[in-house]
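K.L.:
Take this structure, written in structure tokens, and hold onto it; I'll ask about it next.
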Amino acid sequence: MILEIQVINHGLADSFLDKVHEISKQFFALPAEEKLKYARTVVDIYGYGNDSVLSDKQKLDWTDRLYLNVFPEAIRNLKLWPQTPECFREVFEEYINNMKLLSESLLKAMAVSLNLEENCFLDQCGEGREMIARFNFYPPCPTPEVVLGIKPHADASAITILLQDKEVEGLQVLKDDQWFRVPIVPYGLLVNVGDQVEIMSNGIFKSPVHRVVTNADQERNTLAVFIMPDVTVGIGPVEKLINEEMPRAYKDVKNYVELFFQSYQHGKRPIETAMICQEQD
């Protein structure tokens, strides 16, 4: 089951989500010298910038990004949190507090849907689980037929919550070797299962491969929030989901994120390294 759902009735007012959209647009519209005050270093992903170049053969994404560590609060680097626009921090803080609550409710509901104890997936994520936010800006591209905003990938997270652009589509999901557009649901939040919940669910929930296409005429702004299990704690398939009809399909994995970034920049699916090949009769 590929799980990619649109959440409405999430408790966030349309007017507030408009403010979230606006702080993103205003930040990326700043002069380059102002945005570069929050630039990432060459050895880190956090801050303002674009792809880390790890290989001469690497295909780069047509996007600017602002990566911010948000939970737990101890790992925040507030020097990278923009002070312009003036309301950025206040609006962003309120948004991520709501995303933390929503993500916990979603993970509990997913566990209950499989007749598991509701904290089953949350417990595997660990007390040291992290929440990472990524503001994405896709400028108009002169050659959208050959350039991607983000190359095909599945998320390394447990789950990802995406606030899409209000007007401009671009996200596509792969199913049966075909790409399908993901429509915009006004003021909805798109939830993707990530690789790590695919592993925890022993493959019942599938992490969808997706990409972002570019647009020749219009810019696009989105905000993704990634729920990341504690890198110091291993994850693996829940024992209750392993039986003769559904044998263990994945190995236990620790620090999946490091494995993900190594594979992603080379166009490979990192989850394949966690899969257990089943012997055929």
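K.L.:
Which of the residues belonging to segment 213-232 are surrounded by fewer than 23 Cβ atoms within 10 Å (Cβ to Cβ) and of a type in the set (A, V, I, L, M, F, W, C)?
P.N.:
Listed by number, the residues that qualify are Val213, Ala216, Ala224, Val231.
K.L.:
Go through segment 96-111 and report how many residues are within 9 Å of Ile227 (Cβ to Cβ) and among the hydroxyl-bearing types (Ser, Thr, Tyr).
P.N.:
Final tally of qualifying residues: 1.
K.L.:
Which of the strands (runs of 3 or more DSSP E) found entirely inside segment 124-196 contain at least 3 residues meeting this: touching a Lys or Arg at 6+ places or on another chain (Cβ under 8 Å) and either among the aromatic types (Phe, Trp, Tyr) or closer than 25 Å to Ser263 by Cα (or both)?
P.N.:
130-138, 148-153, 171-175
K.L.:
Could you check segment 103-127 and list, in sequence order, the residues that are small (Gly, Ala, Ser) and open to solvent by 30 Å² or more (accessible area, probe 1.4 Å)?
P.N.:
Passing the criteria: Ser105, Ala109, Ser113.
K.L.:
Sort out which residues of segment 64-89 are over 20 Å from Glu130 (Cα atoms) and not polar (S, T, N, Q), and write them in order of number.
P.N.:
Across segment 64-89, the qualifying residues are Asp64, Pro82, Pro85, Glu86, Cys87, Phe88.
K.L.:
When you scan segment 233-246, how many residues do you find that are surrounded by 15 or more Cβ atoms within 10 Å (Cβ to Cβ) and without any contact (Cβ under 8 Å) to a residue 24 or more places away in the chain?
P.N.:
1
The values are calculated or read from the model by the stated rules, or taken from the named source; none is laboratory data. Note that the structure is predicted; figures quoted are calculated from it, not measured. Note that we place each Cβ from the backbone using ideal geometry, even for glycine, and neighbour counts take in every protein chain shown. We work out accessible area using only protein heavy atoms, side chains counted, and drop any ligands, DNA or RNA first. Shrake-Rupley method; radii C 1.70, N 1.55, O 1.52, S 1.80 Å.
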